[in-house]
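The values are calculated or read from the model by the stated rules, or taken from the named source; none is laboratory data. Computed from a predicted model, the values in this text were never measured in an experiment. Note: ideal-geometry Cβ built from the backbone for every residue, glycine included; neighbour counts use all protein chains shown. Surface accessibility is based on the protein's heavy atoms, side chains included, excluding ligands, DNA and RNA. Shrake-Rupley method; radii C 1.70, N 1.55, O 1.52, S 1.80 Å.
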Amino acid sequence: MTDAHSDDARTAHVWTGHASNRLQWLLAAGGVACVALGIELAVDSSYTTGLAPLVMAVVGCIAVGLLVIFGTIAFTHVRVRVDHDAVEVRCGHMGVPRRRIPIDEVSGAHFAPLVSPRGWGGWGYRWRPEKGTAVVVRRGPGLVVDLGNGRHFTVTVDDAEGAVKAIRASLKLRSP
């Protein structure tokens with residue numbers, strides 16, 4: 001989606017896009033099951049070998065369950081916004097983690113036809129020394145923002161080609 005409006009006698013383009021992954025909800029359900037198991041152990045336990053193993057099992061199940069729930073729900077979808085000032089990426093329903101890259105720090109952008117969780121080591125906020133940083137919520141096309149000095153930021157997003165065009169237009173506005 002592209003919106004255009006006048007800003008200080010110049011035309012500024014605002015591009016917004018998103019991507020989502022419904023499979024992450026199944027993983028979150030697994031986290032809910034772990035929390036439920038921990039609660040079940042705590043409430044209705046006939047554990048006779050001692051209190052310490054029971055506490056460790058309850059705390060372990062609940063901790064793992066909460067980590068899985070929040071770790072997956074944070075990456076069920078991503079929203080990207082490009083305007084003349086910055087590229088902003090927000091994850092999940094609360095918008096966290098969030099990354100804002102000022103256009104002044106961007107040296108270019110290009111379209112990646114296939115960004116795969118396998119290539120980045122899974123879903124989520126990822127870092128690979130040879131590739132840079134990425135937000136990967138699903139397999140498919142993505143936007144690669146060149147940050148200079150060989151650094152890159154990649155994000156899976158629908159209509160990544162539109163994001164590339166918007167970034168390039170913003171860079172042209174910044175050129176003297």
Put +1 on the Cβ of every Lys and Arg and -1 on every Asp and Glu Cβ in the chain; which of 113, 20, 155 then has its Cα farthest towards the positive end of the dipole?
113
With every protein chain present, what accessible area does residue 23 have (1.4 Å probe, heavy atoms only), rounded to the nearest 10 Å²?
80
On Cα atoms only, tilt of 51-73 relative to the major axis of the chain in degrees
20
Within segment 71-119: Cβ-based charge dipole about Cα centre, in debye rounded to nearest 20 (Lys, Arg +1; Asp, Glu -1):
300
Could you please state, rounded to a whole Å, how far the C-alpha centre of segment 149-176 is from the C-alpha centre of segment 57-131?
17
Computed log₁₀ I(q)/I(0) - Debye formula, equal Cα scatterers, no solvent, the chain, q 0.09, 0.18, 0.20 Å⁻¹:
-0.42, -1.06, -1.22
From the protein chains alone at 1.4 Å, what is the descending order of accessible area for 44, 85, largest first?
44, 85
Distance in nm between residue 20 and residue 85 label points, each 7 Å along Cα→Cβ, equals 2.8
Select from 95, 132, 50 the residue whose mean-square fluctuation is largest in a Gaussian network model of the chain (Cα-Cα springs shorter than 10 Å).
50
Ellipticity estimate at 222 nm from DSSP helix runs (n ≥ 4, -39,500 (n - 2.57)) divided over the chain, nearest 500:
-12000 deg cm²/dmol
Extended-chain gain in nm, criterion 0.36 nm per residue less alpha-carbon gap, residue 56 and residue 40
4.4 nm
Within a Cβ distance under 15 Å of residue 131, other residues only, what is the Lys/Arg minus Asp/Glu net charge?
+2
With every protein chain present, what is the per residue accessible area of the chain (1.4 Å probe, Å²)?
57
Ordering of 87-94, 122-129 by packing [mean C-beta count within 10 Å, highest first]
87-94, 122-129
Charge dipole (debye, nearest 20) of the chain; +1 at Cβ of Lys and Arg, -1 at Cβ of Asp and Glu
400
